[in-house]
Amino acid sequence: MQNAAAIRLSLRAARAALQQDFADHPQPQRQLRAHTKLVSEHLRMVWEMLVMPPELALVAVGGYGRDELYPHSDIDLLILLPHQPDETLQQRLQELVGILWDIGLEVGHSIRTVGDCLAESTDVTVQTNLLETRLITGNHPLFREMHEALAKQMSCRDFYLAKVHEQEKRHARYIDTDYNLEPNLKESPGGLRDLQTVLWISRASGFGGTWRKLAEAELITAPEARAIARHEALLQTLRIRLHYIAGRREDRILFDYQTKLAEQMHIAATETRRASEHLMQRYYRTKRAVLLLNAVLLQNLHAKLFPESTAVHPLNERFVERDDRLETRDEMLFEREPSAILESFLLMEKYPNLTGFSAPTVRALWRAQHKINAAFRRDPRNRALFMDILRQPQGITHVLRRMSRNGILGRYLPAFGRIVGQMQHDLFHVYTVDEHILMVVHNLRCFALDKHSHEYPLCSKLMKDFARPEVLYIAGLFHDIAKGRGGDHALKGRADAARFCKQHGLTREDSELVVWLVERHLSLSATAQTQDLSDQDVIAAFAENITNDRYLVALYLLTVADIRGTSLKIWNVWKGKLLENLFRATRRYMMGGKIADQVGEMRARAREQLNLYAIGPERHELLWGQFDAQYFLHHEPDEIAWHTRLLAHRVNSATPVVKARLSRIGEGMQVMVYCPDQAYLFARICGFFARMHYNIMEAKIHTTQHGYALDSFLVMEAGNNRANYRDVMAYIEYELAQQITRAEALTAPPAGRASRQLKHFPITPEVSITADEKGRHLLYIVAGDRPGLLARIAYVLARHHINLRSAKINTLGARAEDSFHIAGAELIQLQAVAELREELLRQVA
């Protein structure tokens, strides 16, 4: 008989051989069964070595019980007893479990009698585990007794309802990351758990626990059974490889492993896309198919388990309503009349009480996809039906999602079909391209619904007055549709959009607007987040490309919907305020032209606010006398009044004045710093906020006529968390003032640690320094975001004696796109500018 050390060595060698065998013959079912078998063999060795009492039974449960043991999954065991254990038996069982861990088996175990199993199987998780039991060794009659007792206690209907509810809760838990870029192979919607749920219910109901058995029970067709087996095999293969690559149980396809997975599966990169992107697109398409098949099978199982007759309501000569679901009168309808495919989705919009398609109708749609071909797309009836879908007053988003899920949208719009499941490795989109597009259309629809008007007051108001909103939905569908083809996706998408508009009979006016929106959909956000919006020349240049107010409104609505559709973490009130400011400034300019006296207007509006505090002109004349026109152009009236109230009696203060208040935009905090100007001041302030884990969203830098720095900052806690800023205001005011007063020697800030995403998908840094026709210089930096990035930039600028006028900090996930208006003598020397650029590149790399 072998000892524990020998068993451990045997297990290690067998697992290594199995890993090599999978590398040579990557057949997931074979690997899982082989791993299950070798673990069972070594469990029996330990059982025999310890001479365990013959009245006990060692039982495999869960995934191990169904012969699906992944390389680093826990080994779920049930030790079945005929009666409650005495102290001696408890010690024997503890020794058994200890040795199992010693030899390298990570076991999850329970010790129960048959009565315990029956009592605890009221919990659906325990019941599911016990549903998949297999005797490893020991008392067979006792195992059979438990199996038969559990079968008698099982209620198929209750089990079905419990598992469906469990799946709904799991899907809801993963809803925010359903299509994220690092999905969970096991738990995410469309993952292995969705397949297992169907098989659990089928097994409990007596229909069998394999796809072939389900086909024999006529729950699915033989081709569907083969398709679902292929999708399951891909998910199993990915999960096995993940375990081996990570060297532990890992079910998330993290960025760290995606490239390695693609290499192992012999997936090559192409000119425009990484190998990992091709891999993930294959995964996402499998995920979508699994979701569809899961829905069909659960409906079919429901019909078998709950066969009570239900009322059928006719909708027209082709469709009926059954159990709140749309159903064809004839399962061959779509084959015979392909136009009925689009008609079915139009009916889903017209009858909001319909919750979906019946299982036979879903399967009929799946079988009839091939009917959506070039001839189908040319048919005027089908083009009219598709436009009717986009023009309905309700249900547009739900129907487009349903069309996408059933593969219909990608067939009707081939350009959309190419981006289904396509990843976006820009580190701020958290959805695949197709899901992002549908999120953008969803956001546009929200603007049109009264129930969302409190969330988007300006957008809702503009949308209500926008004629023919389907123009916006079409622009949303096409704005990113050309991603992954290489080159400028906006220009290529423009051609797709123009073709669609012509084919679908849009007026010339609406067609031109759609095409313009697709081509220019990034222009408003780029201008708002990088340019000086207080400069009328910037507004004038932007307005030159806007045809009329309808174009401006459409661009604004699409831009807000687009940014909100990238990631919930990307959008914040600050970005919303920037977009709104540019929209309003452009609209005002287009209506009345350049304002003659901006400085005078800002002064007058600031005085109105100061009057509310009973502060007359004599109180602020000295302070305002130190400000030039640029100060009044770069600050809002509310900011000017705030600064004036705090500084009117401290114009020549020898000590720094630092004051903080809650931002008036509803998020973040405004911080004002006023003190005699000093070297490295901006860098010192940036370092202070970096150590507090605050992001500087905007900085306005001003030097007064008498040599004082008046700097204003909008800061937010990193991660856009809703922090309680009131708690830290006093600390910031005191500590920052002290650091400025001490003016200690400043060294280069340390380089912060790059995020995990940046390590695997690095961003090539870009630094550009350009001058406009007025000689003003703009510094634009693109780099991977990391702690202390802004502080390092500020340090370099100070070393080169560069003065900052303003800064806009735009963080898109792990990507930083920052712009600075700068001035300095070095900027007129080409060599000095080149050296500055090179040093900045080194600091942000």
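Take segment 359-391 and flag every residue that is outside any helix (DSSP H, G or I) and open to solvent by 10 Å² or more (accessible area, probe 1.4 Å). Of everything in segment 359-391, those that are outside any helix (DSSP H, G or I) and open to solvent by 10 Å² or more (accessible area, probe 1.4 Å) turn out to be Asn373, Asp379. The sole residue among Glu271, Glu263 that is part of a loop (DSSP other than H, G, I, E, B), of a type outside the set (Val, Ile, Thr) and open to solvent by 30 Å² or more (accessible area, probe 1.4 Å) is Glu271. Within segment 250-260, the set of residues being touching a residue at least 24 places away in the same chain (Cβ under 8 Å), open to solvent by 30 Å² or more (accessible area, probe 1.4 Å) and part of a helix (DSSP H, G or I) comprises Asp256, Thr259. Tell me, please, whether a residue that is surrounded by fewer than 19 Cβ atoms within 10 Å (Cβ to Cβ), among the polar types (S, T, N, Q) and not in a loop (DSSP other than H, G, I, E, B) can be found in segment 304-313. No, because not a single residue in segment 304-313 is surrounded by fewer than 19 Cβ atoms within 10 Å (Cβ to Cβ), among the polar types (S, T, N, Q) and not in a loop (DSSP other than H, G, I, E, B).
Screening segment 624-641 for residues that are farther than 21 Å from Arg661 by Cα and without any contact (Cβ under 8 Å) to a residue 40 or more places away in the chain and picking the one that is least open to solvent (accessible area, probe 1.4 Å) gives Trp624. Among the residues of segment 601-619 satisfying the criterion of being of a type in the set (Gly, Ala, Ser) and over 46 Å from the mean Cα position of the chain (by Cα), which is least open to solvent (accessible area, probe 1.4 Å)? Among them, the one singled out is Gly616. Looking only at segment 591-649, which residues are in a helix (DSSP H, G or I) and polar (S, T, N, Q)? Within segment 591-649, Gln598, Gln609, Asn611, Gln630, Thr644 qualify.
Tyr680 meets the conditions (1) over 29 Å from the mean Cα position of the chain (by Cα); (2) crowded, with 21+ Cβ neighbours inside 10 Å in every case but one. The failed one is (2). Among the numbered conditions (1) under 30 Å from the mean Cα position of the chain (by Cα); (2) within 30 Å of Arg273 (Cα to Cα); (3) hydrophobic (A, V, I, L, M, F, W, C); (4) buried (at least 20 other Cβ atoms within 10 Å of the Cβ), the only one that Ile396 does not meet is (2).
Given the structure, is Val440 under 12 Å from Ala554 (Cβ atoms), open to solvent by less than 10 Å² (accessible area, probe 1.4 Å) and modelled with pLDDT of 90 or more? Against the criterion (under 12 Å from Ala554 (Cβ atoms), open to solvent by less than 10 Å² (accessible area, probe 1.4 Å) and modelled with pLDDT of 90 or more), Val440 does not qualify.
Arg405 falls short on exactly one of the conditions (1) open to solvent by 30 Å² or more (accessible area, probe 1.4 Å); (2) out of contact with any strand residue (DSSP E or B) (no Cβ under 7 Å at 6 or more places or on another chain); (3) at pLDDT below 90, and that condition is (3).
Which fully enclosed strands (runs of 3 or more DSSP E) of segment 731-845 have 1 or more residues being farther than 27 Å from Val658 by Cα and either basic (Lys, Arg) or open to solvent by 50 Å² or more (accessible area, probe 1.4 Å) (or both)? Show your work before the answer.
On the way: elements: 766-771, 777-784, 803-812, 815-823.
Here the list reads 766-771, 777-784, 815-823.
Take Phe583 and tell me if it is modelled with pLDDT of 90 or more, farther than 28 Å from Ala791 by Cβ and not charged (D, E, K, R). The answer is yes for Phe583.
Taking each residue of segment 6-35 that is open to solvent by 60 Å² or more (accessible area, probe 1.4 Å) and looking for partners that are of a type in the set (S, T, N, Q) with beta-carbon atoms closer than 7 Å, six or more apart or interchain, yields Pro26/Thr237. Scanning segment 150-166 for residues being in a helix (DSSP H, G or I) and in contact (Cβ under 8 Å) with a residue 12 or more places away in the chain gives a total of 10. Comparison of Arg520, Arg494, Arg550 shows that the only residue that is open to solvent by 20 Å² or more (accessible area, probe 1.4 Å) and touching an Asp or Glu at 6+ places or on another chain (Cβ under 6 Å) is Arg494.
Go through segment 13-54 and count every residue that is in a helix (DSSP H, G or I) and over 13 Å from Leu100 (Cα atoms). Outline the logic, then answer.
Let us first name the residues in segment 13-54 that are in a helix (DSSP H, G or I), namely 13-24, 28-49.
Restricting the remaining residues to those that are over 13 Å from Leu100 (Cα atoms) gives 13-24, 28-38.
So the answer is 23.
The values are calculated or read from the model by the stated rules, or taken from the named source; none is laboratory data. Being a predicted model, the structure only gives us computed values, none of them experimental. Every residue, glycine among them, receives a Cβ derived from its backbone with ideal geometry; neighbour counts consider all protein chains shown. Areas reflect the complete protein model, heavy atoms only, side chains present, ligands, DNA and RNA absent. Shrake-Rupley method; radii C 1.70, N 1.55, O 1.52, S 1.80 Å.
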